[in-house]
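A.B. asks: Structure incoming, see below.
The values are calculated or read from the model by the stated rules, or taken from the named source; none is laboratory data. Model, not experiment: these values are computed from the prediction. A quick note on method: Cβ atoms are made from the backbone with ideal geometry, for glycine too, and the neighbour counts reach across all protein chains shown.
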Amino acid sequence: IFTAVEMAPRDPILGLNEAFNADTRTGKVNLGVGVYYDDNGKIPLLAAVKAAEKTRMDAQPPRGYQAIEGLGAYNQAVQNLVFGADSELVSSGRVVTAEALGGTGALKIGADFLKRLDANASVYISDPSWENHRALFESAGFKVENYPYYDVATRGVNFTAMKAALLGLPAGSIIILHACCHNPTGADMSDAQWAEVVEACRERKLVPFLDMAYQGFADGIEEDAVAVRLFSASGLQFFVSSSFSKSFSMYGERVGALSIVTANKEEAGRVLSQLKRVIRTNYSNPPIHGGAVVAAVLANPELRQQWEDELAGMRDRIRAMRTSLVAKLAERGVAQDFSFVAAQRGMFSYTGLTAAQVEVLKDEYGIYAVSTGRICLAALNTKNIDYVADAIAKVL
Ligand code: LMR
């Protein structure tokens with residue numbers, strides 16, 4: 001039965017981990033996957049998480065099935081973070097939130113639900129976008145197209161082209177938007193541009209789907225939620241996938257959520273009932289641990305403050321690495337202006353390195369990056385940054 005099965009290509013991002021782990025060189029550096037490492041090159045276990053885990057383990061809770069939509073306290077905590085603690089949408093019962101298996105899981109249950117609503121809609125993702133967006137919506141059965149986004153010349157958003165494209169889309173099109181810290185480019189829209197996107201969605205009757213996997217990595221929890229806030233104020237219905245993989249450094253626990261903003265409380269009840277069917281037929285109900293830990297941290301004022309401080313520490317360290325890399329490339333006589341790296345936001349930078357240059361970085365220096373030239377700044381540290389700057393300067 002497997003004779004006709006062809007070898008699939010490695011995943012463009014997670015496949016790099018496989019190759020990196022198999023690499024025996026000691027100085028190797030993984031700038032591929034979007035993971036935050038501390039200055040010692042380790043994935044941190046946050047102190048707030050450790051404290052909540054200890055309490056939980058001491059209590060030895062039973063491991064029964066969760067509700068299909070996950071832990072109520074967790075879903076509430078997600079709504080407070082994503083929509084704001086004083087959100088009218090939340091208090092009026094218009095938001096449906098279901099715990100999901102990371103941001104990817106949230107996108108997947110959202111995609112499956114959307115497919116049931118309108119099987120013929122097309123999905124539009126930014127050009128470029130996170131590699132898995134296309135694959136994920138295609139595997140849910142959608143036709144996936146691009147809308148213009150990144151401008152290589154300015155290293156910013158080509159907003160004129162983007163807006164014109166949005167205004168030309170058929171009604172009912174699903175548009176995937178990166179709420180903050182655009183992956184892979186690090187180029188975000190201004191607040192004013194977001195407001196125009198909201199109006200374009202209203203005018204063209206588009207279905208906005210905000211992917212927010214990096215809340216807190218640009219300017220802060222509240223600041224990074226501007227896009228969600230603008231959509232919330234618009235009266236439109238929309239989707240938000242969110243994730244604690246990065247902000248809680250809980251990658252492997254798969255803690256994310258899908259939130260759907262509906263027109264009213266009664267509609268919310270119907271939407272939740274259908275979303276539960278999607279979840280039940282995918283994985284039944286989510287695992288307990290990660291969501292319980294996140295809920296415990298966010299419900300405890302001291303732990304929450306500790307977490308916000310730790311998140312700020314990650315954000316600041318990434319920023320420091322951005323400025324340092326720009327300076328170190330200049331010190332090495334690189335003629336090209338890399339100042340855009342310091343201006344980009346979140347974990348990534350779209351360096352402009354070609355696929356061939358990325359290949360040389362890997363083969364000759366053991367430095368792994370995505371073939372599109374995306375690097376993860378959060379994997380740089382004070383010990384490896386000179387090595388990386390040397391290698392990039394040579395490759396250029
Ligand atoms: C990334 O873009 O590297 C992360 O979002 C991890 C992933 O799942 O691809």
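A.B. asks: Could you list, in sequence order, the residues of the stretch 271-288 that are within 20 Å of Asp118 (Cα to Cα) and of a type in the set (Gly, Ala, Ser)?
C.D. replies: Answer for the stretch 271-288, where residues must be within 20 Å of Asp118 (Cα to Cα) and of a type in the set (Gly, Ala, Ser): just Ser273.
A.B. asks: In the stretch 117-133, how many residues are closer than 18 Å to Pro208 by Cβ and either away from the ligand (no atom under 16 Å from the Cβ) or not in a loop (DSSP other than H, G, I, E, B) (or both)?
C.D. replies: 10
A.B. asks: Still on this structure: Anything in the stretch 44-77 that is in a loop (DSSP other than H, G, I, E, B), under 23 Å from the mean Cα position of the chain (by Cα) and surrounded by 14 or more Cβ atoms within 10 Å (Cβ to Cβ)? List them, or say none.
C.D. replies: Pro44, Leu46, Glu69, Gly70, Leu71
A.B. asks: May I ask you to list pairs of residues, at least six apart or on different chains, whose Cβ atoms are under 7 Å apart, with the first in the stretch 180-206 being farther than 16 Å from Arg229 by Cα and within 16 Å of the ligand (Cβ to nearest atom) and the second being assigned to a loop (DSSP other than H, G, I, E, B) and of a type in the set (Val, Ile, Thr)?
C.D. replies: Pro184/Val370; Pro184/Thr372
A.B. asks: Consider Leu166 carefully, then state whether it is touching a strand residue (DSSP E or B) at 6+ places or on another chain (Cβ under 9 Å), farther than 30 Å from Ala77 by Cβ, in contact (Cβ under 8 Å) with a residue 40 or more places away in the chain and assigned to a helix (DSSP H, G or I).
C.D. replies: For Leu166, the condition - touching a strand residue (DSSP E or B) at 6+ places or on another chain (Cβ under 9 Å), farther than 30 Å from Ala77 by Cβ, in contact (Cβ under 8 Å) with a residue 40 or more places away in the chain and assigned to a helix (DSSP H, G or I) - is met.
A.B. asks: Check off (1) surrounded by fewer than 20 Cβ atoms within 10 Å (Cβ to Cβ); (2) in contact with a Ser or Thr (Cβ under 8 Å, 6 or more places away or on another chain); (3) free of Cβ contacts under 8 Å to residues at least 40 places away in the same chain for Tyr147 and give me the number that stays unchecked.
C.D. replies: That leaves (1) as the condition not met.
A.B. asks: For the stretch 169-179, what are the residues that are closer than 25 Å to Gly256 by Cβ, more than 16 Å from the ligand (Cβ to nearest atom) and assigned to a loop (DSSP other than H, G, I, E, B)?
C.D. replies: Across the stretch 169-179, the qualifying residue is only Ser173.
A.B. asks: If you don't mind, another one. Of all residues in the stretch 187-244, which are assigned to a strand (DSSP E or B) and of a type in the set (Asp, Glu)?
C.D. replies: Within the stretch 187-244, the first condition is being assigned to a strand (DSSP E or B), and the residues that meet it are 207-212, 238-243.
The one that is assigned to a strand (DSSP E or B) and of a type in the set (Asp, Glu): Asp211.
A.B. asks: Being among the charged types (D, E, K, R) and not in a helix (DSSP H, G or I) is the filter here; which residues of the stretch 134-162 pass it?
C.D. replies: The answer is Lys143, Glu145, Asp151, Arg155.
A.B. asks: A follow-up question, please. Take the conditions part of a helix (DSSP H, G or I) and either modelled with pLDDT under 95 or among the hydroxyl-bearing types (Ser, Thr, Tyr) (or both) and apply them to Thr104. Does it pass?
C.D. replies: Yes.
A.B. asks: Here's another thing I want to ask about it. For the condition modelled with pLDDT of 95 or more, in contact with a Gly (Cβ under 7 Å, 6 or more places away or on another chain) and buried (at least 18 other Cβ atoms within 10 Å of the Cβ), what is the one hit in Gly366, Gly290?
C.D. replies: It is Gly366.
A.B. asks: Using the structure shown, decide if Lys328 is outside any helix (DSSP H, G or I), out of contact with any strand residue (DSSP E or B) (no Cβ under 8 Å at 6 or more places or on another chain) and not aromatic (Phe, Trp, Tyr).
C.D. replies: Against the criterion (outside any helix (DSSP H, G or I), out of contact with any strand residue (DSSP E or B) (no Cβ under 8 Å at 6 or more places or on another chain) and not aromatic (Phe, Trp, Tyr)), Lys328 does not qualify.
A.B. asks: What number of residues in the stretch 36-77 are in contact with a strand residue (DSSP E or B) (Cβ under 7 Å, 6 or more places away or on another chain) and either of a type in the set (Phe, Trp, Tyr) or within 16 Å of the ligand (Cβ to nearest atom) (or both)?
C.D. replies: 1
A.B. asks: Does Gly252 satisfy being within 16 Å of the ligand (Cβ to nearest atom), surrounded by fewer than 21 Cβ atoms within 10 Å (Cβ to Cβ) and at negative phi?
C.D. replies: Values: within 16 Å of the ligand (Cβ to nearest atom): yes; surrounded by fewer than 21 Cβ atoms within 10 Å (Cβ to Cβ): yes; at negative phi: yes.
Yes.
A.B. asks: Okay, moving on. Please pick out the residue among Leu89, Leu107, Leu114 that is within 16 Å of the ligand (Cβ to nearest atom), surrounded by 15 or more Cβ atoms within 10 Å (Cβ to Cβ) and either of a type in the set (Lys, Arg) or over 19 Å from Asn300 (Cβ atoms) (or both).
C.D. replies: It is Leu107.
A.B. asks: Taking Glu308 as the residue in question, decide whether it is among the acidic types (Asp, Glu) and closer than 30 Å to Gln76 by Cβ.
C.D. replies: It is true that Glu308 is among the acidic types (Asp, Glu) and closer than 30 Å to Gln76 by Cβ.
A.B. asks: Here is a further query. I'd like the full set of residues that are of a type in the set (A, V, I, L, M, F, W, C) and near the ligand (Cβ under 10 Å from one of its atoms), limited to the stretch 1-30.
C.D. replies: Selection gives Ile13, Leu14, Leu16.
A.B. asks: Mind telling me which of the residues Ser259, Ser241, Ser234 ends up being crowded, with 16+ Cβ neighbours inside 10 Å, at pLDDT 95 or above, in contact with an Asp or Glu (Cβ under 7 Å, 6 or more places away or on another chain) and at negative phi?
C.D. replies: Criteria check complete, one pass: Ser241.
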